[in-house]
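Q: Here it is, the structure in full.
Where a number appears in this text, it was derived from the coordinates with a stated rule and is not lab data. All values reported here derive from a predicted model rather than from experimental measurement. Here the Cβ is made from the backbone with ideal geometry for all residues, glycine too, and neighbour counts use every protein chain on show.
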Amino acid sequence: MATASYRDREQWLAERKTGLGGSDAAVVLGVSPFKTARQLWREKTSDDPEPELNTPPILRGRYLEPVAAELYSQETGRQIRRQPLRRHAEHAFMLGNVDRQILAVGDTPSTGALEIKCPGLKVFAKVKAHGLLDYMTVQLMHYLAVLGYSWGSFALFNAENWSLIHFDLEADPGLIGQLIEREQEFWTKYVVPRVEPPAETEKATDIPQVEGEMTLVEGAEWRAAATDLREAHALRETAEELEDAAKERLQAMMHRDELHAAEVPGLVRMHYKWMAGNTKWKETAQAIARAAQLNVDEFVVKGAGHTRFTPYYLSGETED
């Protein structure tokens, strides 16, 4: 396998233009949220050097990657090391620029690939709850195809809550076969002859779902129970709104009739009271006004006051 040192960034950027990497694989399979196949094609066929992108998310990932790698090693007990860019032994256009190699030592039975992402809190929380996103799974499977490893690990680190999660994946022969076929078609049919690809890319199927802490459940029984819960919740919200409106109406009627206690036989017993506001800080406000040479009379502060309305619901039976 041809290699390019990760220490020589210019050589690494030049090497990337000569093949398809892990993030490129997600584009070819139509599951990348960041780039279209035509955008990727323009990058690979351009005669200009690949630009060095320094967006905030890219810089965040670049500087936090060593921290995430160290945390991964500490939490898993696995030994890892840097690895240069590699090429597939048979399909030279397939490149593997994996973040770390997991060494087959101790309790780790075989060599694996480690991919690291350092996303913001929103993406981190989504992956933690629901599992790896399709483009992440495809990226790791691409590296396993290039390196010939039987397994790999995908780690995500978020610095805001200083938390790291990881997912171990075994190589999926079906997806890897689809990857090789689709990447070979894209490279030989469009990139090499410089023929622009179609505007729409067929999305890959049968990407294995890697679950997070929250499992997505399907089926008629689950849906029926969840629907009942949603409807009950909606009814409760409606009932609370109706109850608040009825309370306000009864409170207004008691205020109108100057009643402090009343009972509708068999339905509800009510108590109504006006609570005066707090005026103890009036003198402080006036002192501030005098110091600022303002009109003290404008600072006669009174508490707003409030009402207390307390209903007691009766059983529905009147007393003899």
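Q: Per DSSP helix of 4 or more residues, -39500 (n - 2.57); summed, then divided by the residues of the chain. What does that give at 222 nm, rounded to the nearest 500?
A: Values: 9 runs with 130 residues, N = 320.
About -13000 deg cm²/dmol.
Q: What nm value, rounded to one decimal, do you get for the distance between Gln293 and Leu259 when each label is placed 7 Å out toward the C-beta?
A: Modelled inter-label distance: 5.8 nm.
Q: So if I take the alpha carbon set of region 102-189, get Rg, then get Rh from the Kirkwood formula, what is the Rg over Rh ratio?
A: Ratio of gyration radius to Kirkwood radius: 1.03.
Q: For region 73-125, what does the alpha-carbon gyration tensor say about shape, rounded, prolate or oblate, given a ≥ b ≥ c as the root eigenvalues, a/c under 1.5 as rounded, and a/b over b/c as prolate? Provide the component values of the computation, followed by the final result.
A: Values: a/c = 2.76, a/b = 1.16, b/c = 2.39.
In terms of gyration-tensor shape, oblate.
Q: For Leu132, which sequence-distant residues (separation of 5 or more, or a different chain) have an amide H within less than 5 Å of its own amide H, given hydrogens modelled in the peptide plane?
A: For Leu132, the qualifying residues are Val210.
Q: Given charges of +1 on the Cβ of Lys and Arg and -1 on the Cβ of Asp and Glu, with all other atoms neutral, how large is the dipole of the chain about its Cα centre, in debye to the nearest 20? Walk me through the numbers before you get to the answer.
A: Details: 37 positive and 49 negative charges, 269 e Å.
Value, rounded to 20: 1300 debye.
Q: Taking 0.36 nm per residue of sequence separation and subtracting the Cα-Cα distance, how much length would be gained by fully extending the chain between Ala226 and Thr45, in nm to one decimal?
A: Details: separation 181, 0.36 × 181 = 65.16 nm, distance 5.09 nm.
My answer for the length gained is 60.1 nm.
Q: Quick check: the angle from helix 282-291's long axis to the longest principal axis of the chain, C-alpha only, nearest 10 degrees?
A: Value to nearest ten degrees: 70.
Q: How far, in nm, would the chain grow between Ile165 and Val217 when pulled straight, counting 0.36 nm per residue and subtracting the alpha carbon separation? Walk me through the intermediate numbers first.
A: Values: separation 52, 0.36 × 52 = 18.72 nm, distance 2.23 nm.
Length gained between Ile165 and Val217: 16.5 nm.
Q: Same structure, new question: By a straight-distance test (C-alpha under 19 Å), which aspartates and glutamates pair with Lys247 as possible cross-link partners, with residues fewer than eight away in the same chain excluded?
A: Glu237, Asp257, Glu258, Glu263
Q: Would you work out the charge dipole size for region 77-172 about its Cα centre, treating the Cβ of every Lys and Arg as +1 and the Cβ of every Asp and Glu as -1, and quote it to the nearest 20 debye?
A: On the way: 10 positive and 9 negative charges, 69 e Å.
Dipole size: approximately 340 debye.
Q: 5 Å is the cut-off here: which amide hydrogens, built 1.01 Å from N in the peptide plane, fall below it relative to Arg100, excluding neighbours closer than 5 in sequence?
A: Leu114
Q: Next question, about the same structure. So which residue, out of Arg62, Arg290, Arg78, gets the largest mean-square fluctuation from a GNM of the chain using Cα contacts under 10 Å as springs?
A: Among Arg62, Arg290, Arg78, the largest GNM mean-square fluctuation belongs to Arg290.
Q: How compact is the chain by the rule of thumb for globular proteins, expressed as Cα Rg over 2.2 N^0.38 Å?
A: 1.68
Q: Determine how many Å³ per residue the convex hull of the Cα atoms of region 3-191 encloses.
A: Values: hull volume 22.4 nm³, N = 189.
So the per-residue hull volume is 119 Å³.
Q: May I ask you to evaluate 6.51 cos²θ - 1.76 cosθ + 1.60, the Karplus curve with θ = phi - 60°, for each residue of region 237-242 and list the ³J(HN,Hα) values in order in whole Hz, giving x for glycine and proline?
A: The phi angles translate into 4, 5, 4, 5, 5, 5 Hz.
Q: Want the number for Glu202 to Lys189: 0.36 nm per residue separation, take away the alpha-carbon distance, what's left? Don't skip to the end; give the middle numbers.
A: On the way: separation 13, 0.36 × 13 = 4.68 nm, distance 1.53 nm.
Once the chain is fully extended between Glu202 and Lys189, it gains 3.1 nm.
Q: Taking the Cα-to-Cβ direction at Leu103 and at Tyr63 and moving 7 Å from each Cα, how far apart do the two end points lie in nm?
A: It is 3.0 nm.
Q: Please rank Ser32, Ser46, Ser163, fewest neighbouring Cβ atoms within 10 Å first, as an exposure proxy. Mind showing how you got there, number by number?
A: Values: Ser32 21, Ser46 11, Ser163 14.
Lowest count first: Ser46, Ser163, Ser32.
Q: So what is the relative contact order for the chain, in percent, with contacts set as C-alpha pairs under 8 Å and at least six apart? Write out the running numbers ahead of the final one.
A: Working: 452 pairs, mean separation 49.9, N = 320.
So the answer I get is 16 percent.
Q: Under a 10 Å cutoff between Cα atoms, tell me which one of Glu183, Glu196, Glu248 has the largest fluctuation in the Gaussian network model of the chain.
A: Glu248
Q: What distance in nm lies between label points placed 7 Å from Cα along the C-beta direction at Leu242 and His130?
A: 3.5 nm
Q: Rank the residues Met253, Met270 as a footprinting-exposure proxy: fewest other Cβ atoms within 10 Å of their Cβ go first.
A: Values: Met253 13, Met270 20.
Least crowded to most crowded, the residues run Met253, Met270.
Q: Got a sec to turn the phi values of region 204-213 into Karplus ³J(HN,Hα) couplings, 6.51 cos²θ - 1.76 cosθ + 1.60 with θ = phi - 60°, whole Hz, x for Gly and Pro?
A: 5, 10, 6, 6, x, 8, 9, 6, x, 5
Q: For each of Met254, Met141, Met136, count neighbouring Cβ atoms within 10 Å of the residue's Cβ, then give the residues from fewest to most. Intermediate values should be presented prior to the final figure.
A: Details: Met254 19, Met141 28, Met136 24.
Arranged by neighbour count, lowest to highest, Met254, Met141, Met136 become Met254, Met136, Met141.
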